[in-house]
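Taking it in order: structure first as structure tokens, then the write-up.
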Amino acid sequence: MKGEHLTQFLIHEQRKSPAATGEFTLLLSDVATACKAIAHAVNRGALAGHLGVAGSENVQGEVQKKLDVISNDLFIRSLEWTGHLAGMASEENDQVIPIPSGYPRGKYLICFDPLDGSSNIDVNISVGTIFSILRAPDGVTQPSEQDFLQPGTQQVAAGFCVYGPSTVMVLTTGSGVNGFTLDRDVGEFILTHPNLRIPADTAEFAINMSNRRYWEEPVRRYVDECVQGKDGVREKNFNMRWVASMVAEVYRILTRGGIFLYPFDTRDPSKGGRLRLMYEANPMSFIVEQAGGLASTGRERIMEIQPHSIHQRVPVILGSKNEVERVVSYHG
Ligand code: AFP
């Protein structure tokens, strides 16, 4: 119900499943607490000396920002002790993150990108946290990387928090998508955007055009047709956006439709794409599909990919159903 806070919402959802123990509700509530702490750190920015680079690289070989490191720490510290998780995997950590000995273990696994879009931090553009929750295989209390390698269809929940003009958490547990705005006065996420739905048609696309020369032909054809607008085969004008923060792009698509593409390109074919399957593509695909959209690599449904590594990258094309179907059809 619009206006209820996240904990109320989660408990109402929990009561719909008589067998629920409350562990899942508590886990989501802990994730929200972690996001509030990160929102606070992001919001303090230069005042807390949080801007700039950390002087290190992550496992992907990307330069880490101070806030990447701070957010990763805040997320891990908020969740490791709670007893709801068997293990964690972060975009920033080479290996899966075990629950320290001395803390109880739960039945869930979480994969997360603590600060997506972090190249935008220093220029004060929206960034966010993305998470995906899976079940640990039966009886597993010390999961290995292999235990995380489940296709996106196995996710029990996914969400993201966008730290923008307001802080908004978007969440799906597999029955629709809801958006909660952080009310800083009371410290709670309030349900402000119930049952988000992505319109099937759109006239807005998002892609990094500077990579055009590296794209495959189907993507080039699709984007060229959008750019030709009324004068081309589409017979309507399109608008373009590129924030370079996936959280901001997906939030825009959830509020007014659109298509987002980070396709395969030939800059480094061995990478298979730019975005990470476990931390970005799978959770965003779950959310988008739950809101009535589609998510594909161009050749297959993202959530059906069998992962082979926790840091695997994939092409991502997601958003308004009819546009994604069109791009997929061009891949033939
Ligand atoms: P960072 O977290 O390193 O800034 O990457 C953000 C991101 O994974 C995703 O959120 C953007 O859509 C995409 O990369 C932007 O990539 P380009 O800088 O190549 O446009």
Worksheet item: Mind checking which residues of region 1-35 are in a helix (DSSP H, G or I), closer than 16 Å to residue 170 by Cα, in contact (Cβ under 8 Å) with a residue 40 or more places away in the chain and open to solvent by less than 60 Å² (accessible area, probe 1.4 Å)?
Response: 6, 7, 9, 13, 27, 28, 30, 31, 32, 34, 35
Worksheet item: Of all residues in region 216-250, which are under 23 Å from residue 125 (Cβ atoms) and basic (Lys, Arg)?
Response: 241
Discussion item. When the residues of region 286-305 are narrowed to those that are small (Gly, Ala, Ser) and in contact with a Leu (Cβ under 6 Å, 6 or more places away or on another chain), which ends up farthest from the ligand (Cβ to nearest atom)?
Written reply: 291
Practice prompt. Among the numbered conditions (1) at pLDDT below 95; (2) in a loop (DSSP other than H, G, I, E, B), tell me where residue 270 comes up short.
Written response: (2)
Worksheet item: If you take the residues of region 48-74 that are assigned to a loop (DSSP other than H, G, I, E, B) and not acidic (Asp, Glu), which of them is farthest from residue 110 (Cα to Cα)?
Response: 49
Worksheet item: Looking at (1) surrounded by fewer than 20 Cβ atoms within 10 Å (Cβ to Cβ); (2) closer than 12 Å to residue 261 by Cα; (3) within 16 Å of the ligand (Cβ to nearest atom); (4) not aliphatic (A, V, I, L, M), can you tell me which one residue 220 breaks?
Response: (3)
Discussion item. Can you tell me how many residues within region 109-156 are surrounded by 21 or more Cβ atoms within 10 Å (Cβ to Cβ), away from the ligand (no atom under 16 Å from the Cβ) and in a strand (DSSP E or B)?
Written reply: 4
Worksheet item: If you take the residues of region 231-277 that are away from the ligand (no atom under 13 Å from the Cβ) and among the basic types (Lys, Arg), which of them is surrounded by the most Cβ atoms within 10 Å (Cβ to Cβ)?
Response: 234
Item to complete: Taking only region 75-108 into account, find how many residues are open to solvent by 40 Å² or more (accessible area, probe 1.4 Å), within 16 Å of the ligand (Cβ to nearest atom) and in a helix (DSSP H, G or I).
Response: 0
Fill in: Odd one out for residue 32 among (1) within 16 Å of the ligand (Cβ to nearest atom); (2) under 18 Å from the mean Cα position of the chain (by Cα); (3) not β-branched (Val, Ile, Thr)
(1)
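Conditions (1) under 30 Å from residue 12 (Cβ atoms); (2) surrounded by fewer than 17 Cβ atoms within 10 Å (Cβ to Cβ); (3) of a type in the set (Val, Ile, Thr); (4) at pLDDT 95 or above, marked per residue:
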position	(1), (2), (3), (4)
168	yes, no, yes, yes
171	yes, no, no, yes
176	yes, yes, no, yes
182	yes, no, no, yes
195	yes, yes, no, yes
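Quick check on region 177-200. Is at least one of its residues of a type in the set (A, V, I, L, M), touching an Asp or Glu at 6+ places or on another chain (Cβ under 7 Å) and more than 16 Å from the ligand (Cβ to nearest atom)?
yes
The values are calculated or read from the model by the stated rules, or taken from the named source; none is laboratory data. The shown structure was predicted, so the numbers you read here are calculated from the model rather than taken from an experiment. Note that each Cβ is placed from the backbone with ideal geometry, even for glycine, and that neighbours are counted across all protein chains shown. Calculation scope for accessible area: heavy atoms of the full protein, side chains included, ligands and nucleic acids excluded. Shrake-Rupley method; radii C 1.70, N 1.55, O 1.52, S 1.80 Å.
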